[in-house]
1. Pairs only if they're at least six apart or on different chains, beta carbon under 7 angstrom, first in the range 1-12 and among the acidic types (D, E), second not in a strand (DSSP E or B); list them, first residue then second.
2. From the list M15, M1, pick out the single residue that is part of a loop (DSSP other than H, G, I, E, B) and surrounded by fewer than 10 Cβ atoms within 10 Å (Cβ to Cβ).
3. Which ones in the range 30-43 are among the hydrophobic types (A, V, I, L, M, F, W, C), part of a strand (DSSP E or B) and either under 15 Å from P89 (Cα atoms) or touching a Phe, Trp or Tyr at 6+ places or on another chain (Cβ under 8 Å) (or both)?
4. Please count how many residues of the range 55-99 are in contact with a helix residue (DSSP H, G or I) (Cβ under 8 Å, 6 or more places away or on another chain) and exposed (fewer than 12 other Cβ atoms within 10 Å of the Cβ).
5. Show the residue pairs that are 6+ apart or on different chains and have beta-carbon atoms under 6 Å apart, the first residue being within the range 20-36 and at positive phi and crowded, with 16+ Cβ neighbours inside 10 Å, the second being part of a strand (DSSP E or B) and among the β-branched types (V, I, T).
6. So which of P60, P46, P27 is over 21 Å from the mean Cα position of the chain (by Cα) and either in a loop (DSSP other than H, G, I, E, B) or more than 30 Å from K98 (Cβ to Cβ) (or both)?
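The values are calculated or read from the model by the stated rules, or taken from the named source; none is laboratory data. From a predicted model like this one, the values you see are computed outputs, not experimental measurements. Neighbour counts are summed over all protein chains in view; Cβ atoms, including those assigned to glycine, are modelled from backbone coordinates with ideal geometry.
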Amino acid sequence: MPYPQGGEEVVLFNMLPGGGERRFRLPVLNRLQVRVLRKDYSVDEPTALADTLYFDLNHPEGPRFSAVWRTSLPIRRRLQEFDTIAVGPVNARWWQDKVLGINSGGCSGCSKSPEPDEVNEASHDDEHESAEGHD
């Protein structure tokens, strides 16, 4: 059976109190973005596949369902090679800072990143300290 993509018709027959049937179409399931940043700053974007659908027909707020997505990525050497795994939409500036190695803190700091001049000054100071350490 192929993985659900979204748009497939679901028919629940005799699964609700009182019997009967309920029909609906699945929402889009094939657009979940997963991004993986390794400590060497390489980025992978594995495909996430919805492989489990769970129907909660007796929820107090009404029938609903959940989806579980699965993806895989080979480990090159050690599990510790992974730095960040982002699932779903993330702040573009925050992700770019992570990929460039700019420490913007947790996602609570997503909206503020160092200005380019601040980054250049910090890099220059690090280089200066390294040069002094090798005299």
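1. Qualifying pairs under 7 Å: E8/L26.
2. Working: M15 fails: surrounded by fewer than 10 Cβ atoms within 10 Å (Cβ to Cβ).
Matching residue, one of M15, M1: M1.
3. Quick first cut of the range 30-43, residues among the hydrophobic types (A, V, I, L, M, F, W, C) only: 32, 34, 36-37, 43.
Keeping just the survivors that are part of a strand (DSSP E or B) gives 34, 36-37, 43.
Across the range 30-43, the qualifying residues are V34, V36, L37.
4. As a first pass, look at the range 55-99 and keep what is in contact with a helix residue (DSSP H, G or I) (Cβ under 8 Å, 6 or more places away or on another chain): 75, 83-84, 86, 90-91, 94.
Going one step further and asking which of them are exposed (fewer than 12 other Cβ atoms within 10 Å of the Cβ), we end up with 75.
Summing the residues that are in contact with a helix residue (DSSP H, G or I) (Cβ under 8 Å, 6 or more places away or on another chain) and exposed (fewer than 12 other Cβ atoms within 10 Å of the Cβ) in the range 55-99 gives 1.
5. From residues that are at positive phi and crowded, with 16+ Cβ neighbours inside 10 Å, there are no pairs.
6. On the way: P46 fails: over 21 Å from the mean Cα position of the chain (by Cα); P27 fails: over 21 Å from the mean Cα position of the chain (by Cα).
Testing whether each residue is over 21 Å from the mean Cα position of the chain (by Cα) and either in a loop (DSSP other than H, G, I, E, B) or more than 30 Å from K98 (Cβ to Cβ) (or both) leaves just P60.
Here is a yes/no grid of residues against (1) touching a Leu at 6+ places or on another chain (Cβ under 7 Å); (2) at pLDDT below 95:
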{"residue": "A48", "(1), (2)": "yes, no"}
{"residue": "G62", "(1), (2)": "no, yes"}
{"residue": "R76", "(1), (2)": "no, yes"}
{"residue": "T84", "(1), (2)": "yes, yes"}
{"residue": "G88", "(1), (2)": "yes, yes"}
{"residue": "D97", "(1), (2)": "no, yes"}
{"residue": "G101", "(1), (2)": "no, yes"}
{"residue": "S108", "(1), (2)": "no, yes"}
{"residue": "E115", "(1), (2)": "no, yes"}
